[in-house]
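K.L.:
Attaching a single structure in structure tokens format; questions to follow.
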Amino acid sequence: MDRDIDLWFAQNALPNEPAMRRWLGKVASDFDADDIVQEVYAKLARHRTEIVNVRAYMFAAARSTVIDQLQKRQVVNIVTVADLETLPVADEKSSSEQELIGREELALLQAAIADLPEQCRKVLTLRKLNGLSQRDVAATLGLSESTIEKHVAAGIRRCADWFAGRFAAEDLGPAAMPRHNRRGVR
Amino acid sequence: MRSALSAQDIEKLAASWLARQDAAALSEAEQAEFDAWIAEDDRHLGAYMRLRAVWARLDRLGALRPSSAEAVIKPSTVLLHWRSAAAAAMVAVMLAGGGYYGLKRPEAPKTYDTAIGEVRRLAMEDGSVVEMNTNSEVNVAYSDRSRDIYLAHGEGNFTVAKNKSRPFIVHAGDTTVTAVGTAFSVDATRPDQLRVAVSEGTVAVRHGNREPAYVTAMQVLTVPTGEQKEETPQLVVATAEQLDKHLAWRKGMLVFSGESLSEAAAQFNRYNQRQISVTPRAAAAAARVGGVFQTRDVEGFARATAASFGLTVSQDKNGNMVIDTGS
């Protein structure tokens, strides 16, 4: 049940996130994109079953979140409001982006995993590829369970950065390295 | 209510909660704390759901292999490449080997399924491992007396932890496969037959009122079902290569060694939304197919076979491929 919801998000929301962030960077550059993305995901969670076109919904939700926050500001930049009207609704070209599946997505996963610090990568690999429980990962690596839990938390965030499109997708490959790590993984 | 925390801090908390839940079921107090945290601010819910999606996405790691760059391999080089892929898989298995003991948390009776193209690995509470192939569903019902798995549809591979007093029983239609400690796979994807392939130990296969058939390592039993159910099951001694081939899906691969083009396309269609169809005249023109392919690489497969056999590939707007003769 829960897993179905997670897969729905993975298949429908995550692939649209980079485009939504790019749009936010253009029209709402003085807003914290992470903040808006979180609001959008909350709206998705609440209205998931009613949504027909997820991509269009995400852009509309991002826009209304920005407008909400604009209204709370003392000074409003006119340009921002004008730009907000140019909502890129789901176009034909975007369907390929919407289906970030198969090889492309695997390349992304591969890059995300390769980018993790060694210990963190081992933990995520054993947990996800080998299907070990966190407890068994701890036993296998000779680390405490709380350390494993910390690696899992850090690893999820780091991988989420890749799905957000923060690291250049065009230089994916065995040698792909993030050019700007926003944060280190302990 | 909006908390004063930054999006980054919220994400950090969401990741901690997710990692905690992944470690063990939350205690009652923790659960209450978590529920309160989620209710406190929409962004908490949003950050949490987003990370859950990323975490679920990581399940697809199983499809990653060092050899993924060589998605299409010419038939003549199959064995060489296949061996290196198998070696990589073995390392993964060895890494895992030390870990399957001392699992304490019991698993409630549960349904698990895989989407098309998904392969999923379940680590059971007794140390057994169930690997589910594409488009499959299993129901797990463990009790003190037996470990029952119902294969509703699809295909599974079972690596069973030894426990003589608690047999491990896979149910598929009217057939049961009973093991005490062994490794085998059950393929229930065809309406007319059920296939049990054993890679280690012995299993007993019971079908309707028949005497049980015993299948040991390196054997494949084919049980006729549906309209064919009165036919006699066929037991075949398999080579290591043949068994590997049956189990290649566990490594995200399809192995062909002389299938017809139509049969190979049908195998691909099990794993992908994008379907391949082969026109009758193309099927007639094509020779037998050999090679190792990634289960998701529909396009690579279609193009490689078309190029090898002098056929054409066209694609409709949904990405479905049609293989035809050029003329």
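K.L.:
Being surrounded by 16 or more Cβ atoms within 10 Å (Cβ to Cβ), out of contact with any Asp or Glu (no Cβ under 8 Å at 6 or more places or on another chain), modelled with pLDDT under 85 and not β-branched (Val, Ile, Thr) is the requirement here; does B:ASP297 meet it?
P.N.:
Against the criterion (surrounded by 16 or more Cβ atoms within 10 Å (Cβ to Cβ), out of contact with any Asp or Glu (no Cβ under 8 Å at 6 or more places or on another chain), modelled with pLDDT under 85 and not β-branched (Val, Ile, Thr)), B:ASP297 qualifies.
K.L.:
Scan B:LYS251, B:LYS245 and give me the residue that is crowded, with 22+ Cβ neighbours inside 10 Å and either within 23 Å of B:VAL203 (Cα to Cα) or modelled with pLDDT under 80 (or both).
P.N.:
Answer to the check: B:LYS251.
K.L.:
Something else now. Suppose we filter the range B:6-56 for residues that are buried (at least 16 other Cβ atoms within 10 Å of the Cβ) and at pLDDT below 90; how many remain?
P.N.:
Of the residues in that region, 1 qualify.
K.L.:
Could you list, in sequence order, all residues of the range A:1-22 that are out of contact with any Leu (no Cβ under 8 Å at 6 or more places or on another chain) and either in a loop (DSSP other than H, G, I, E, B) or within 21 Å of B:GLN8 (Cβ to Cβ) (or both)?
P.N.:
A:MET1, A:GLU17, A:PRO18, A:MET20, A:ARG21, A:ARG22
K.L.:
Do you know which residues across the range B:175-199 are touching a strand residue (DSSP E or B) at 6+ places or on another chain (Cβ under 7 Å) and surrounded by fewer than 16 Cβ atoms within 10 Å (Cβ to Cβ)?
P.N.:
Residue satisfying the conditions is B:ASP192 alone.
K.L.:
Quickly run through the range B:8-45 and pick out the residues that are small (Gly, Ala, Ser) and more than 27 Å from A:ALA107 (Cβ to Cβ).
P.N.:
Passing the criteria: B:SER16, B:ALA23, B:ALA24, B:ALA25, B:SER27, B:ALA29, B:ALA32, B:ALA36, B:ALA39.
K.L.:
Another question, then. Being touching a residue at least 60 places away in the same chain (Cβ under 8 Å), more than 9 Å from chain B (Cβ to nearest Cβ) and of a type in the set (D, E, K, R), is that true of even one residue in the range A:58-66? Steps first, answer last, please.
P.N.:
Quick first cut of the range A:58-66, residues touching a residue at least 60 places away in the same chain (Cβ under 8 Å) only: none.
No, the conditions are met nowhere in the range A:58-66.
K.L.:
Given (1) at pLDDT 85 or above; (2) over 16 Å from B:ILE10 (Cβ atoms), where does A:ASP35 come up short, assuming only one miss?
P.N.:
For A:ASP35, the exception is condition (2).
K.L.:
Tally up the residues in the range B:185-206 that are touching a Pro at 6+ places or on another chain (Cβ under 7 Å) and either assigned to a strand (DSSP E or B) or of a type in the set (Phe, Trp, Tyr) (or both), please.
P.N.:
4
K.L.:
So which residues in the range A:80-118 are at pLDDT 85 or above and surrounded by fewer than 16 Cβ atoms within 10 Å (Cβ to Cβ)?
P.N.:
Across the range A:80-118, the qualifying residues are A:PRO117, A:GLU118.
K.L.:
On to the next question. Among the residues that make up the range A:7-16, is at least one of them modelled with pLDDT under 85, out of contact with any Gly (no Cβ under 8 Å at 6 or more places or on another chain) and more than 11 Å from every other protein chain (Cβ to nearest Cβ)?
P.N.:
No.
K.L.:
OK, next. Which residue pairs have Cβ atoms under 8 Å apart, sit 6 or more places apart or on different chains, and have a first residue in the range B:32-45 that is assigned by TED's automatic domain parsing to the domain that holds B:SER16 and a second that is of a type in the set (Ser, Thr, Tyr) and buried (at least 18 other Cβ atoms within 10 Å of the Cβ)?
P.N.:
Listed pairs, sorted by first residue: B:ILE38/B:TYR48; B:LEU45/A:TYR41.
K.L.:
Looking at the range A:49-56, can you tell me whether even one residue there is modelled with pLDDT under 90, more than 10 Å from every other protein chain (Cβ to nearest Cβ) and surrounded by 21 or more Cβ atoms within 10 Å (Cβ to Cβ)?
P.N.:
There is at least one residue in the range A:49-56 that is modelled with pLDDT under 90, more than 10 Å from every other protein chain (Cβ to nearest Cβ) and surrounded by 21 or more Cβ atoms within 10 Å (Cβ to Cβ).
The values are calculated or read from the model by the stated rules, or taken from the named source; none is laboratory data. Because the structure is predicted, anything quoted here is derived from the model rather than measured. No Cβ is skipped: glycine too gets one built from the backbone with ideal geometry, and neighbour counts run over all protein chains shown.
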